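Input: a single structure, listed below in structure tokens.
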Amino acid sequence: MARTSGTALDRTRVQQSDIAELIGHERGFTLDIYAPLGLELPTLQQIAEKIRYPGLKLGHLHVR
């Protein structure tokens, strides 16, 4: 089972640069120079929604 969001995303074949941006890591020289604005929020949301933890049960947690 994936223990981190980075591992979970890597298993779904999300690009490492996209994972890094989502979790707040530096993107590196090339992306800083040629794509300084980064990913837009809807794209980051799509990436975050790919995070899965098979077998993790959270049914006991709910918002009232």
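Below, the figures for the structure above:
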{"read-out": "Segment K50-I23, extension gain: residue separation times 0.36 nm, minus the distance between their alpha carbons", "value": "8.4 nm"}
{"read-out": "Two-site label geometry, L41 and R3: point separation in nm, points 7 Å out along Cα→Cβ", "value": "3.4"}
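Every read-out reported here was derived from the displayed coordinates using simple, explicitly stated rules and does not represent laboratory data. Being a predicted model, the structure only gives us computed values, none of them experimental. For neighbour counting, all protein chains shown are included, and Cβ atoms are generated from backbone atoms with ideal geometry for every residue, glycine included.
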